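Worksheet for the structure shown next.
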Amino acid sequence: MAAKKIMVSGVQPTHKLTLGNYLGAIKNWVKLQNEYECYFFSVDLHAITSRQDPKELGENTLFALATYLAAGIDLEHATIFVQSHVRQHAELAWVLNCFCYMGELGRMTQFKDKSSRVGETIPVGLFTYPALMASDILLYQTELVPVGADQKQHLELTRDIAIRMNNLYGPLFKVPEPYIPKVGARIMDLQSPENKMSKSVSTEMGAVFLSDSAKEIEKKFKRAVTDSGTEISYSDEKAGIKNLIDIQSAITGKTAEEIVASYQGKLYGHLKVDTANIVIQELKPLQERTQQFLSDKGELQRILRLGADKAAAKAEATLKNVYRAIGFVPY
Ligand code: TRP
């Protein structure tokens with residue numbers, strides 16, 4: 001039997017995971033996991049590119065991994081772990097930093113957006129962030145990387161770095177492909193539907209967190225920003241309405257057209273309340289299972305340690321090759 005292809009993805013624990021993370025990423029991982037050898041992690045090294053409260057960072061990291069398990073990530077197919085537990089990520093990132101260019105990092109739109117807002121005090125880590133992400137991916141000889149559309153540019157950079165180093169030193173890395181799911185890839189902020197939900201977290205009201213109660217979820221959907229129209233239709237001009245339809249579609253599997261058809265003659269308020277209820281029903285069992293995993297910290301620690309050991313063994317093989325190729329004296 002041919003070896004399974006490798007799939008890698010991660011989510012930042014900068015806050016409690018959101019509905020956007022769940023529908024855009026984790027739910028797809030669960031669907032794809034049987035076909036691949038998977039590595040899923042919580043990227044705490046990436047998270048510190050913006051200032052984090054230490055206590056919350058730890059809590060959010062465990063919450064994320066408990067959610068992966070609760071969502072149905074199966075340890076037979078997937079290795080789950082905390083990024084900082086596998087030191088090879090930071091080590092290879094340093095090497096890759098030396099093989100990517102200021103010019104190409106400076107062209108990353110995510111960096112440009114953030115630096116235009118923050119200015120001179122922007123952490124250097126935000127600039128070199130894509131080199132760390134490339135390390136996450138290239139360490140595992142990854143073929144497929146499921147990510148949101150906003151990460152496509154980072155994936156392209158990862159491919160460029162892999163090809164560059166392979167040309168210099170021979171085949172060190174597999175060149176990965178992005179996988180951008182059609183449905184759910186862009187769940188937008190409820191208060192500013194031009195921005196992706198998980199990224200902006202502009203206001204507490206804009207993002208549905210997986211830790212939110214049913215009451216909070218209902219309130220957030222009721223207050224979702226829409227437009228001054230009345231007719232429910234699916235178009236870019238109605239970003240708020242489109243987002244609610246996308247959320248329903250990602251959960252129920254219905255197409256946008258089917259959903260629009262079912263709202264003939266109905267009001268925005270109906271769509272908001274229904275979407276809230278669909279989300280609440282979808283999240284309830286997930287939230288209960290997440291709490292179960294979180295309530296047994298010893299077991300969670302054990303799973304994460306096993307995951308990190310397994311990931312490190314795989315990552316070390318790549319890192320060793322790289323060190324040898326660039327001329328580092330073997331240890
Ligand atoms: N940068 C990704 C995001 O913000 C998270 C991430 C870090 C990632 N490393 C990764 C995703 C490796 C896929 C593979 O969404």
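Every number here is computed from the coordinates shown, using simple stated rules; none is lab data. Predicted model only: the values in this text are computed from it and were never measured. Reconstructed Cβ throughout: ideal geometry from the backbone, glycine too, with neighbour counts over all protein chains shown.
When a footprinting reagent is the concern and you count Cβ atoms within 10 Å, what order do Phe173, Phe328 take, fewest first?
Arranged by neighbour count, lowest to highest, Phe173, Phe328 become Phe328, Phe173.
What angle, in degrees between 0 and 90 and rounded to the nearest 10, separates the Cα long axis of helix 88-97 from the longest principal axis of the Cα atoms of the chain?
The angle comes out near 80 degrees.
Taking K and R as +1 and D and E as -1, what net charge do the other residues with C-beta under 10 Å from the C-beta of Thr142 add up to?
With Lys, Arg at +1 and Asp, Glu at -1, the neighbours total -2.
If packing is taken as the average number of other Cβ atoms within 10 Å across a peptide's residues, how do 239-247, 298-306 rank, most packed first?
Output ranking for 239-247, 298-306: 239-247, 298-306.
Using the count of nearby Cβ atoms within 10 Å as a rough guide to exposure, how do Glu91, Glu194, Glu104 rank from fewest to most?
Going from least to most buried by this count: Glu194, Glu104, Glu91.
Given the C-alpha atoms of the chain, compute the convex hull and give its volume per residue in Å³. Kindly include the intermediate steps, with their values, before the conclusion.
On the way: hull volume 49.8 nm³, N = 331.
Per residue, the Cα convex hull of the chain comes to 150 Å³.
Restricting attention to the stretch 69-153, which chymotrypsin sites (Phe, Trp or Tyr not before Pro) occupy a DSSP loop and are surrounded by at most 13 other Cβ atoms within 10 Å?
In loop regions of the stretch 69-153 (DSSP not H, G, I, E or B), the sparsely surrounded chymotrypsin sites (Phe, Trp or Tyr not before Pro) are Tyr101.
From the cross-link list Lys16/Lys152; Lys27/Lys222; Lys5/Lys242, which pairs have alpha carbons spaced over 29 Å apart?
Over 29 Å apart, Cα to Cα: Lys5/Lys242.
Going highest first, how would you order 275-283, 210-218 by mean Cβ packing within 10 Å?
Going by the mean number of other Cβ atoms within 10 Å, highest first, we get 275-283, 210-218.
Ranking Cys100, Cys38 by Cβ neighbours within 10 Å, fewest first, what do you get?
In increasing order of surrounding Cβ atoms, one gets Cys100, Cys38.
Along the charge dipole of the chain, which of Phe63, Pro146, Tyr331 sits closest to the positive end, that is, farthest toward it, with unit charges on the beta carbon of Lys, Arg, Asp and Glu (+1, +1, -1, -1)?
The one lying farthest along the dipole's positive direction is Tyr331.
Could you tell me how many degrees, from 0 to 90 and to the nearest 10, lie between the Cα long axis of helix 124-138 and the main elongation axis, the longest principal axis, of the Cα atoms of the chain?
Roughly 80 degrees, rounded to the nearest 10.
Given +1 on the Cβ of Lys and Arg, -1 on the Cβ of Asp and Glu, and no further charges, what dipole in debye does the stretch 214-291 carry about its Cα centre, rounded to the nearest 20?
380
Pairing the Cα long axis of helix 109-118 with the longest principal axis of the chain, what angle in degrees results, from 0 to 90 and rounded to the nearest 10?
Between the helix axis and the principal axis of the chain, the angle is about 80 degrees.
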